[in-house]
Each structure stands twice: as structure tokens, then as C-alpha cells.
Amino acid sequence: MDAMDRKILTELQLDGRLTVTELAARVRLSVSPCHRRLRDLERDGAIRGYRAVVDPAALGLNFEALVFVTMRLEDADTVSAFEEAVAAVPHVLQAQRLFGDPDYLLRVAATDLTAFQQLYDQQLARLPGVQRLNSTLVMKHIVDDRPLPG
């Protein structure tokens with residue numbers, strides 16, 4: 001990946017709806033080479049996809065929590081079962097495996113405290129291998145969906 005590829009990625013992170021012509025103009029490259037580089041970045045997996053960034057409040061998801069998960073066991077089967085189950089919970093926006101304790105960090109969205117409590121009790125606490133959950137509420141987003149540095 002060279003500097004031009006990084007410029008293309010930077011521009012697309014800022015506006016994923018750019019046409020190839022607009023993108024080429026922004027990175028100061030002719031359309032054909034820009035299009036070729038774009039397809040290469042997609043094929044090689046540097047660009048994993050395109051999506052709209054939606055305001056959670058527009059969907060009534062006004063409540064967000066970070067849930068720290070400590071596992072009872074960390075054998076391959078338990079970890080695999082946990083990760084498969086957590087990936088199936090739609091309100092889990094992000095799930096990250098961590099080094100040390102806790103074992104996982106989940107970013108969870110819900111409509112309100114009551115909905116979060118139900119999700120916590122009925123789904124999160126019942127995930128395979130969970131020993132302990134510890135939650136904290138998100139008060140305010142300071143940096144959110146920042147483009148990756150080039």
C-alpha cells in the first residue's frame with residue numbers, strides 16, 4: 001500500500017458515497033487508475049465494505065453501556081461458543097476479546113435502562129462460559145467513528 005492508496009482510503013472514510021470521478025479529483029488522479037486502485041483495495045480486503053452511519057437515537061436506541069465479561073473457562077470450545085453466541089445478539093454493537101481480566105468488552109445499545117436490564121438478564125448473563133459481567137453506562141461520546149489515520 002502506497003501513499004496514493006492511503007489518500008483514497010482517507011477520502012472514502014470521510015465520504016463513502018463519493019463517485020469514482022469525485023474520488024479521483026480529490027486524490028488528484030485520473031479516473032481509470034483511481035478505479036483500478038479502488039477495486040484492488042476492495043479485492044485485497046483493505047476496504048471491507050460500505051455502509052451508512054446511522055444515529056442510534058433515530059432508532060430509539062438512546063441508552064448505551066459497556067459490558068466487561070469475565071469467563072469461567074477459557075478453553076477453545078467455551079471461547080468459540082461464547083463468541084458465536086455474542087455475535088448473534090443484535091444489540092451488541094461491538095465485541096472485543098481482551099488480554100488479561102476482563103476477557104471481553106461489549107458495547108451494547110438499548111432503548112432505555114429497562115430494556116438494557118432485560119437484555120442483560122435474559123441474554124448477556126446467559127452467554128456460554130460467563131462467570132461475571134460488569135457494566136458501566138456511557139455518558140457521552142467524545143470521539144465516535146473517527147476515520148483511521150492514514
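The values are calculated or read from the model by the stated rules, or taken from the named source; none is laboratory data. Treat the numbers as computed from the prediction; the structure is a model and nothing was measured. Neighbour counts run over all protein chains shown; Cβ positions are idealised from the backbone, glycine included. Just the protein is used for accessible areas: all its heavy atoms, side chains included, with ligands, DNA and RNA removed. Shrake-Rupley method; radii C 1.70, N 1.55, O 1.52, S 1.80 Å.
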(message) Can you give me the Rg/Rh ratio for segment 1-81, using Cα atoms for both radii and the Kirkwood formula for Rh?
(response) 1.21
(request) Of the options LEU105, ALA3, ASN62, report the single residue whose Cα projects farthest towards the positive end of the charge dipole of the chain (beta-carbon charges: Lys, Arg +1; Asp, Glu -1). (result) ALA3
(request) Putting +1 on Lys and Arg Cβ atoms and -1 on Asp and Glu Cβ atoms, find which of PRO90, ALA25, PRO149 reaches farthest to the positive end of the dipole of the chain. (result) ALA25
(request) Provide, as a two-decimal number, the C-alpha radius of gyration of segment 4-150 over 2.2 N^0.38 Å, N being how many residues it has. (result) 1.34
(request) Within segment 101-131, which residues have the backbone N less than 20 Å from the label spot 7 Å out from THR70 along Cα→beta-carbon, could you tell me? (result) 101-107, 120-121, 124-131
(message) How big is the dipole moment of the chain about its Cα centre under a simple scheme where the beta carbon of each Lys and Arg is +1, that of each Asp and Glu is -1, and everything else is neutral? Debye, nearest 20, please.
(response) 580 debye
(message) Using DSSP to call loops (not H, G, I, E or B), can you name the chymotrypsin sites (Phe, Trp or Tyr not before Pro) in segment 81-147 whose Cβ has at most 16 other Cβ atoms within 10 angstrom?
(response) PHE99
(message) Could you give me D for segment 34-103, from Stokes-Einstein at 25 °C and 0.890 mPa s, where the hydrodynamic radius is the Kirkwood radius over C-alpha pairs? Units µm² s⁻¹, please.
(response) 157 µm²/s
(request) Working with all protein chains in place, sort ILE142, ILE47, ILE8 by solvent-accessible area computed with a 1.4 Å probe, largest first. (result) ILE142, ILE47, ILE8
(message) Ordering LEU59, LEU18 by accessible area with a probe of 1.4 Å, largest first, what comes out?
(response) LEU59, LEU18
(message) Students sometimes get this wrong: rank MET71, MET1 by accessible area, probe 1.4 Å, all chains present, largest first.
(response) MET1, MET71
